[in-house]
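Read the structure below first, then the notes.
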């Protein structure tokens, strides 16, 4: 991107000024402009991601981590549970995982190269031998339940439009199935398959949790648009 900006700026500068100095000046200006824009967008993206993914490391993990116990926790406490499980599976520190959590969950739209490398390294370091499978399954099941509830029709009018199209009563069970069967084209996996991957060490738990939330948000936005 930076090289392209420099070259394009240089070409425009040459056309406008007809001199190598003009080409160089505009090329540098274009390069600096792209750097500045990326910095602003990156800073904004990081700030928004941290707001969307709060973490309360002071909140304890429930002694008996069931889907319902997990789902009853505030968002920041649920994220803390995810951080601890990812730290355990990857062998990294809790603070390190907490810092990268928005990136791991896919909430950071613009990442620095260093952050991207750190997130990829952490994802690759997970060991199936260190994964708490029961806890990971409880987290994923709890997130699916929350996503299904969040995407239920918000009014009788919405329900009257949606149910004939779906050919079924739109309740929590229906939206749970819709969440689990949702496929992600870029990786050609369904949510149910991703959950199996997370439980068995083939996918990072934070990434799967972020995906489940994203599917729930997509369904909820779709319901909200129906009037």
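The values are calculated or read from the model by the stated rules, or taken from the named source; none is laboratory data. None of the values given here were measured: they were computed from a predicted structure. Glycine also receives a Cβ, built like all others from the backbone with ideal geometry; neighbour counts cover every protein chain displayed.
Taken over the stretch 159-184, the criterion of being more than 27 Å from residue 78 (Cβ to Cβ) and either within 16 Å of the chain's Cα centre (by Cα) or in contact (Cβ under 8 Å) with a residue 60 or more places away in the chain (or both) is satisfied by 161, 162. Quick check: anything in the stretch 175-195 more than 22 Å from residue 107 (Cα to Cα) and out of contact with any helix residue (DSSP H, G or I) (no Cβ under 9 Å at 6 or more places or on another chain)? The answer is no, given that none of the residues of the stretch 175-195 is more than 22 Å from residue 107 (Cα to Cα) and out of contact with any helix residue (DSSP H, G or I) (no Cβ under 9 Å at 6 or more places or on another chain).
Determine if the stretch 141-148 includes at least one residue that is out of contact with any strand residue (DSSP E or B) (no Cβ under 8 Å at 6 or more places or on another chain) and surrounded by fewer than 17 Cβ atoms within 10 Å (Cβ to Cβ). Within the stretch 141-148, not a single residue is out of contact with any strand residue (DSSP E or B) (no Cβ under 8 Å at 6 or more places or on another chain) and surrounded by fewer than 17 Cβ atoms within 10 Å (Cβ to Cβ).
A quick yes/no check of all residues on (1) loosely packed, with under 15 Cβ neighbours inside 10 Å; (2) closer than 19 Å to residue 146 by Cα; (3) out of contact with any strand residue (DSSP E or B) (no Cβ under 8 Å at 6 or more places or on another chain); (4) not assigned by TED's automatic domain parsing to the domain that holds residue 219:
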site	(1), (2), (3), (4)
160	yes, no, yes, no
165	yes, no, yes, no
168	yes, no, yes, no
173	yes, yes, yes, no
183	yes, yes, no, no
199	no, yes, yes, no
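Checked against the criteria, residue 83 counts as under 19 Å from residue 210 (Cβ atoms), buried (at least 18 other Cβ atoms within 10 Å of the Cβ), modelled with pLDDT of 95 or more and in contact with a helix residue (DSSP H, G or I) (Cβ under 7 Å, 6 or more places away or on another chain). Do we find that residue 136 is assigned to a helix (DSSP H, G or I), surrounded by 21 or more Cβ atoms within 10 Å (Cβ to Cβ) and more than 16 Å from the chain's Cα centre (by Cα) in this structure? So residue 136 passes the test.
Residue 67 passes every criterion in (1) over 22 Å from residue 213 (Cα atoms); (2) in contact with a helix residue (DSSP H, G or I) (Cβ under 6 Å, 6 or more places away or on another chain) apart from (1). When we screen 92, 84, 78 for residues that are closer than 14 Å to residue 205 by Cβ and part of a loop (DSSP other than H, G, I, E, B), the only hit is 92.
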